[in-house]
Amino acid sequence: MKDSRLQVRSLVVALILLALTSMSVRAQEASGNFLSNLHDFRINNYMAMDAYYRFSASADNETLNEIVAGINAANDAMNSVIESTSGILSKEQIESLNQEFDSFKDLMRSNVNDVRKTGYPDLRLVSDMANQALTMNEIATELYAIAQESTQTETNPRVEAARSASVMMAQMMAKYSARSNSSVYQLFQGAETEKPLDEQAREFDQLLSAVSRGNTEGDVKSTIETVSSKWEFIRGSYINFNERNVSFIIDRYSKGIIEGLTTTIDLLQKNA
């Protein structure tokens with residue numbers, strides 16, 4: 001009888017431990033997904049801005065579709081952040097970001113409609129949108145840092161370096177697109193507060209180096225090598241941004257780098 005009670009007690013303890021372990025795993029997954037969604041939010045807003053600058057010069061439907069895709073992807077990421085049960089950020093913090101995003105979407109809609117109606121952008125509205133994008137992404141970056149430092153969040157230094165590199169590349173790409181497709185570049189990108197492209201390019205060097213450090217083999221190695229190869233091809237254009245370059249090649253290779261870094265992040269997380 002005594003042995004029977006001990007067996008039951010041991011089973012109960014085992015079930016409790018299993019439940020606690022399962023809860024811990026789910027919490028870690030929720031916090032990891034939270035960071036991933038915040039990251040996707042930042043990336044896709046820059047992708048939409050990059051597409052808008054090209055659209056402002058061409059007004060073609062294919063580029064318009066890229067804007068829509070970027071905004072929709074950012075919207076999906078924002079919804080996932082709002083619906084998250086991780087509790088890493090307060091409802092007030094998340095709502096403040098969502099309000100900034102709503103303002104950004106309204107300005108993007110107005111700017112797209114202007115180009116469609118008149119064939120050229122309203123510079124005042126474009127300036128408003130650029131400033132709003134800058135404000136919104138600064139808030140998103142600040143909240144990402146808060147979430148990253150949370151005791152609920154486990155982070156991989158190489159994954160974080162790859163995410164930072166992705167955001168840096170997306171920002172550089174949008175800035176280069178503004179420069180290539182408008183004669184009023186400084187108005188479009190808030191040049192007084194942002195770092196010049198050559199400085200950002202050198203920061204990207206350091207981030208890519210951080211991604212490459214560590215145990216790198218197999219698919220991770222080949223993916224990073226592909227990213228590095230693409231970067232070497234366009235690095236000079238970002239460093240010497242005042243020189244005349246072929247903008248569509250810069251845009252295509254920049255997107256390839258972002259895609260490669262996204263793959264690298266996935267592979268690093270699977271191999272963790």
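The values are calculated or read from the model by the stated rules, or taken from the named source; none is laboratory data. Everything quoted here is computed from the prediction, not taken from an experiment. For the accessible areas, the whole protein counts, side chains as well, though only heavy atoms, and no ligand, DNA or RNA atoms are used. Shrake-Rupley method; radii C 1.70, N 1.55, O 1.52, S 1.80 Å.
Quick notes
- Prolate/oblate/rounded label for the stretch 29-138 (Cα gyration tensor, a/c 1.5): prolate
- Per residue, the accessible area of the stretch 27-97 comes to 43 Å² when a 1.4 Å probe rolls over the protein heavy atoms.
- Above-threshold pairs, the threshold being 31 Å between Cα atoms, out of 105/270; 91/221; 175/270; 91/255; 91/230; 230/270: 105/270; 91/221; 175/270; 91/255; 91/230
- Tensor-based shape of the stretch 116-180 (alpha-carbon gyration tensor, a/c under 1.5 rounded, otherwise prolate or oblate): prolate
- Surface accessible to a 1.4 Å probe, residue 53 within the full protein complex, Å²: 0
- The stretch 189-272 shape via C-alpha gyration tensor axes, a/c threshold 1.5: prolate
- Solvent-accessible area, 1.4 Å probe, carbon plus sulfur percent, for the stretch 107-175: 47
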